[in-house]
Amino acid sequence: MTEVVTQGTGRASARADRAVLRVAYSSSAPTRAEAVAKLSSQVAAIEPLLKRDGVSVDSRRLAVHADWQKQKQVGCRAEQNYQLSVTDPEVLAELAGALIAAEPARLDGPTWSLSDDTEPRKAAQRAAVADARARAVGYADALGRELGGLLRISDAEVGGALPRSGYGGAEAAVAAPAGIRSGQDVKRLNLEPQDVTVTTRCVTNWKLAD
């Protein structure tokens with residue numbers, strides 16, 4: 001029995017419904033206790049916002065350590081790192097504005113994703129199979145044969161959901177632009193949800209009819 005093996009690729013897009021923000025705050029002082037106290041004061045304004053609907057704290061990590069320069073301790077530093085998930089687009093701009101107003105050491109995001117990629121993945125799988133079959137038909141025609149039934153199919157590669165385009169599609173470091181004081185100002189940065197593309201690939205084995 002003669003077989004033809006082809007690979008197919010399929011893609012499908014859907015509007016993102018989940019944004020991830022990563023933000024870090026840092027304070028320095030002569031002692032650890034003073035550094036932690038300054039850090040606590042800095043993040044006090046944002047903590048209540050992290051409890052509202054549409055926002056969840058994926059992780060919250062505290063680090064306290066000595067600062068060294070030329071092998072000499074010059075003070076202490078306290079850092080608080082957050083990873084936040086936001087599922088309400090209306091909350092995102094307000095939250096980003098509050099995070100920036102609190103003067104973070106760094107803010108990365110938003111990184112867009114799908115909370116459930118079942119439907120676009122199914123659509124991508126159908127497209128991948130259709131692509132693989134079309135390629136197989138092309139080879140069969142080139143050989144003057146008819147394409148028979150499908151013998152085997154497998155994943156060639158597990159495709160992830162990737163942002164298609166737009167601000168925040170890949171992780172972006174956001175500095176605090178001059179003049180930003182509220183969520184209204186942050187809206188100018190275009191934090192609207194972006195399309196996310198799911199890609200799948202398959203390997204198919206087809207029978208060539210006699």
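Ordering of 53-61, 131-139 by packing is 131-139, 53-61, highest average first (other Cβ atoms within 10 Å, averaged per residue).
The Cα-based radius of gyration of the stretch 1-109, divided by its Kirkwood radius, gives an Rg/Rh of 1.28.
Only the coordinates and a few stated rules stand behind these numbers; no lab work does. These figures come from a predicted structure and were not determined experimentally. For neighbour counting, all protein chains shown are included, and Cβ atoms are generated from backbone atoms with ideal geometry for every residue, glycine included.
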